[in-house]
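Right, one structure below, let's go through it.
The values are calculated or read from the model by the stated rules, or taken from the named source; none is laboratory data. Everything numeric here is computed off the predicted structure, so don't read it as measured data. Here Cβ is always computed from backbone atoms with ideal geometry, including for glycine, and neighbour counts include all displayed protein chains.
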Amino acid sequence: MNTFCHPIHSLLLLSVFLLTPLSAFSMSNADSIPIEHFFKNPQLSQVRLSPDGSHLALLAAGQNDRQVLAVMKIEKLQASIVAAYDKTDVVFFDWVNNQRLVFGVGDRDLGVGEQSKGNGLFAVNVDGSGFRQLIETATDITSAGGKFRTLNALHSFVDITHVNGSNDIFVGRASGTKKNPTISLLKLNTVNGYHEIVPTPSNANGYLIDRSGEVRVAITTNDHITGIHYKDPDTQQWRLLIEFDSVKEAGYKPVSIGLDGSLYVQATNRKNTQAIYRYDLKNQRLPALALLESRDFDLDGRFIYNADEAKLLGIHYESDAAATIWFSDKWREIQKTIDAALPNTINQLSLPEEKSSAVVLVHTFSDVHPGAYFLFHTDTRTLTPIGDRYADIRPEQMSSKDFFKIQARDGMLIPTYLSLPKNGPKQQLPMVVLVHGGPYVRGGHWNWEREVQYLTSRGYAVLQPDFRGSTGYGEKLFKAGWKQWGLTMQDDVTDATRWAIAEGYADRQRICIAGASYGGYATLMGLIKEPELYRCGISWVGVTDINYLFDISWSDTAGTIWSRFGMSAMIGDQVNDAAQFSATSPLVQAHRLKKPLILAYGAADRRVPLIHGEKFLAAAPKEVPIEWISYAEEGHGWRTLKNNVDFWQRAEKFLDLHTRVD
């Protein structure tokens, strides 16, 4: 039975990492770092100020490493647990108002195949009182009060109302079909459980809420056609701003509603990168000039507001690394002060939403630092540590990550991150080429990555190319990857590998290729197409035949807009491109495999079902060493510490065996 826990004002469980010096943990050398330190769950996460800045709420590792929800008053910084369970974890939360929070639960010790459907939703006050279940989960973790006026598990949290003192939130009910997914919107009172339906355009599945608690923007989907709708505050009527083909066109992405009602969108600029604009609502068009843009990077953003200052203060965004642009001289100077006190890290500031406060929350992180939290006192210009996300990780033992643009054989520039071992030589190293999944995502980021740091701590260089088809670097690189699985997308990985050899970073005789999902596909194709370049490969949850992406009816993408429209445009057409599919199918080409391989899958994977691996294993030459791994409870990747440790220990032994100097 799970137990709801009321406040513990003397919180010893959290004191291990809360308000302790960031250098409290030490080790003799990087090689001795236990594998568990890289793959365990964070001890601290999702730290957030209350709307008025009087409290902090956070998720922390409690008893038996179960993640709990804790709250502390800024003036005292003594944490109290307000939600904790014996057999499950609090996995997300948000502030409803200054005195009340909502949260959801899940079990971090279970693979995806054993997870209950839905995180549920619960509400509690900052002092631990006023508990109420709002949305059901598949398991019974209720406290006193039962399930009176509780919504079923088809509902999920959407947003708060952003209205001072309001006990209401917005929740969505999933309905419609995979063809036309719909999220019906409800306004739900977190104290009494009453709810009301919020009128929105039909087929809506995404929303933006303004600072008066009104639904201001709705995003609709009808097959592959996306519509952006705006509710006029004067007429209270919905009007269509733009409609576009979501497969063929970038269109607009609404990203924020300003304090003054301004609508900010992400859209393609003249440089063919994604930029941030203040949308012209009167004329229903983009202005000539972007608010924030880059020649080389697609920019999205998290917007920073404070009601007292009544304007957009800044935007957090990412180029080659995360950064912040400030539109306020005051906050620009505060940022400089914090950056001087915390050098060599990205320092992102979070402000109270409602009013100015004497404290600001600082999230600091880098390529070698998994993250820590501080409070900055604006009056005294001093920092108070809250704690580390991973208290066992020592930044000085981690490997830095450098950004390059590598020229492919046809002249295309391929963004690439390279990490070298912290200690020892920097040349002629054994190397792992780590290919990202997706593939239509941005793979590389200037941040701490557990797999990368684990490999570099064991002496390997790690190369991470963002091959064509990757997002984040403009339309040219992205669209150059359409219908290029196993072709130029694969050549980019090859060319990046050869660049690392030519630059002297990698020993050409000790290179392995690895990756998950699409990265697993690229691993197999790399071994097949370039048997002299790679000594071995590690493929997990990897696609082995493109046709399976179209044909497997039990995949979670079957019948979706992506499978019916996006895949034919971006991957290829099963009929017209059949010859290409065969030539670039690891399964069809399995007889060409010559190098040792780890082939791993989650038996509960519905994105790339187990049949991908089973068929490839059966088709591969029997004389080629293949280490088969299957985790019964895992899905599309490994969730549990046990399986992560098992997998990466196997990977380390495998790499050591096949990259030894002869």
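A single member of H436, H445 is closer than 17 Å to T345 by Cβ, within 21 Å of the chain's Cα centre (by Cα) and either in the same structural domain as Y518 (by TED's automatic domain parsing) or of a type in the set (A, V, I, L, M, F, W, C) (or both), and it is H445.
If only residues of segment 452-478 that are of a type in the set (G, A, S) and buried (at least 24 other Cβ atoms within 10 Å of the Cβ) are counted, the one that is nearest to A321 (Cα to Cα) is S470. Taken residue by residue, segment 324-339 has no member that is touching a residue at least 24 places away in the same chain (Cβ under 8 Å), assigned to a loop (DSSP other than H, G, I, E, B), buried (at least 17 other Cβ atoms within 10 Å of the Cβ) and of a type outside the set (S, T, Y).
Note on segment 220-229: among residues that are surrounded by fewer than 20 Cβ atoms within 10 Å (Cβ to Cβ) and in a strand (DSSP E or B), the one that is modelled with the lowest pLDDT is N222. Looking for something over 28 Å from S563 (Cβ atoms) and among the polar types (S, T, N, Q) - is there at least one such residue anywhere in segment 213-234? No, every residue in segment 213-234 fails to be over 28 Å from S563 (Cβ atoms) and among the polar types (S, T, N, Q). Specify the residue that is farthest from T560 (Cα to Cα); the eligible residues are those in segment 293-305 that are touching a residue at least 40 places away in the same chain (Cβ under 8 Å) and in a loop (DSSP other than H, G, I, E, B). Filtering first and then ranking leaves D296. Take the conditions within 19 Å of E634 (Cα to Cα), touching a residue at least 24 places away in the same chain (Cβ under 8 Å) and either surrounded by fewer than 24 Cβ atoms within 10 Å (Cβ to Cβ) or within 26 Å of the chain's Cα centre (by Cα) (or both) and apply them to A619. Does it pass? No. Residue count for segment 590-599, restricted to those that are assigned to a loop (DSSP other than H, G, I, E, B) and either crowded, with 20+ Cβ neighbours inside 10 Å or not assigned by TED's automatic domain parsing to the domain that holds F654 (or both): 2.
Counting only residues that are touching a residue at least 40 places away in the same chain (Cβ under 8 Å) and surrounded by 19 or more Cβ atoms within 10 Å (Cβ to Cβ), segment 306-316 holds 2 of them. For the residues S539, S563, the requirement of being over 30 Å from K653 (Cβ atoms) and among the polar types (S, T, N, Q) singles out S563. For D410, the requirement of being charged (D, E, K, R), more than 23 Å from the chain's Cα centre (by Cα) and within 26 Å of G472 (Cβ to Cβ) is met. Please enumerate the residues belonging to segment 86-103 that are surrounded by fewer than 22 Cβ atoms within 10 Å (Cβ to Cβ), part of a loop (DSSP other than H, G, I, E, B) and in contact with a strand residue (DSSP E or B) (Cβ under 9 Å, 6 or more places away or on another chain). Answer for segment 86-103, where residues must be surrounded by fewer than 22 Cβ atoms within 10 Å (Cβ to Cβ), part of a loop (DSSP other than H, G, I, E, B) and in contact with a strand residue (DSSP E or B) (Cβ under 9 Å, 6 or more places away or on another chain): N98, Q99.
Taken together, the criteria exclude L299 from residues that are over 22 Å from the mean Cα position of the chain (by Cα) and at pLDDT 95 or above. For segment 470-490, a residue qualifies if it is β-branched (V, I, T) and outside any helix (DSSP H, G or I), and exactly one does: T471.
S356 fulfils the conditions (1) out of contact with any strand residue (DSSP E or B) (no Cβ under 7 Å at 6 or more places or on another chain); (2) of a type in the set (G, A, S); (3) assigned to a loop (DSSP other than H, G, I, E, B) except for a single criterion, (1). Quick check: anything in segment 510-520 in contact with a Lys or Arg (Cβ under 9 Å, 6 or more places away or on another chain) and more than 19 Å from A590 (Cα to Cα)? Yes, because at least one residue in segment 510-520 is in contact with a Lys or Arg (Cβ under 9 Å, 6 or more places away or on another chain) and more than 19 Å from A590 (Cα to Cα).
Report whether or not A57 is modelled with pLDDT of 95 or more and more than 17 Å from H363 (Cα to Cα). Judged against the criteria, A57 is not a match. Could you list, in sequence order, the residues of segment 362-374 that are surrounded by fewer than 22 Cβ atoms within 10 Å (Cβ to Cβ) and of a type in the set (A, V, I, L, M)? Selection gives V368 alone. Being outside the structural domain of T640 (by TED's automatic domain parsing), within 30 Å of Y454 (Cα to Cα) and at pLDDT 95 or above is a property that V91 has.
Residues in segment 436-492 that are of a type in the set (F, W, Y) and over 14 Å from M412 (Cα atoms): Y440, W446, W448, Y454, Y460, W482, W485.
Can you find, within segment 230-255, the residue that is surrounded by the most Cβ atoms within 10 Å (Cβ to Cβ) among those that are assigned to a strand (DSSP E or B) and among the aromatic types (F, W, Y)? Within segment 230-255, the match that is surrounded by the most Cβ atoms within 10 Å (Cβ to Cβ) is Y230. For segment 268-292, a residue qualifies if it is in contact (Cβ under 8 Å) with a residue 12 or more places away in the chain and not hydrophobic (A, V, I, L, M, F, W, C), and the qualifying residues are T268, N269, K271, N272, T273, Q274, Y277, R278, Y279, Q284.
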